[in-house]
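Data block below; observations after.
The values are calculated or read from the model by the stated rules, or taken from the named source; none is laboratory data. These figures come from a predicted structure and were not determined experimentally. In this analysis, Cβ positions are derived from the backbone assuming ideal geometry, glycine residues included, and neighbour counts consider all displayed protein chains.
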Amino acid sequence: MYCAEIVKAVEQLKKKYHESDPFRLCKVMGIKLLFQSLGIESDCVKGFFLEFKRIRTITVNDDLPLLIQKFIVAHELGHAVLHRKQGISAFHELALYDESSLCEKDANLFAAELLLEDDEVLQALNEDNTFFTAAAMLNVPPELLDFKFRVLKWKGYKIVESPIISRSNFLKDLDVSINDDFSC
């Protein structure tokens, strides 16, 4: 999927529902949110999207800090919006499909665009902050900020190179023992 399609999908959602909070978006879009205890081990399932008989659900690991749950819901919402017409009805962290890494990348770009406003990111960077300090100020993992950098570059913004290159499955490996802040 192209960045233009992802940005357009996020813009349309925000315009239609006047909302950018992924929890509230799920509610107004009729996507059921299920909270399930799935553990805090490093390999725990953090969340997944499933559509069965036109009922869409996002299951979130409620053992995780609320802030991480928000990222997970935004990511899974990306699957619900972007990949619904591809005939794949379930997304989770296991590599079941050859195209899963591309689908995961799409969902991460979607989550970054949904959760991070361009102006806020640019302001954090213009205050002469390092990449990691900006991520902490924005209260997001650095990997999510890296995905937002990709979107900003596509939009034509001239920004410094990200010091990291995030993998599509970064949420799978996100340290779940962290608190609700990402300060350095």
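Within the range 142-184, being at pLDDT 65 or above and either among the β-branched types (Val, Ile, Thr) or touching a strand residue (DSSP E or B) at 6+ places or on another chain (Cβ under 6 Å) (or both) holds for Val151, Ile159, Val160, Ile164, Ile165.
Within the range 25-56, restricting attention to residues that are among the basic types (Lys, Arg) and out of contact with any helix residue (DSSP H, G or I) (no Cβ under 8 Å at 6 or more places or on another chain), the residue that is modelled with the highest pLDDT is Lys27. Annotation note: of Leu64, Leu77, Leu13, Leu33, the sole residue that is farther than 25 Å from Ser101 by Cβ, among the aliphatic types (A, V, I, L, M) and either out of contact with any Asp or Glu (no Cβ under 6 Å at 6 or more places or on another chain) or assigned to a helix (DSSP H, G or I) (or both) is Leu33. For the range 48-58, taking the residues that are in contact (Cβ under 8 Å) with a residue 12 or more places away in the chain and farther than 16 Å from Met29 by Cβ, the one that is surrounded by the most Cβ atoms within 10 Å (Cβ to Cβ) is identified as Phe48.
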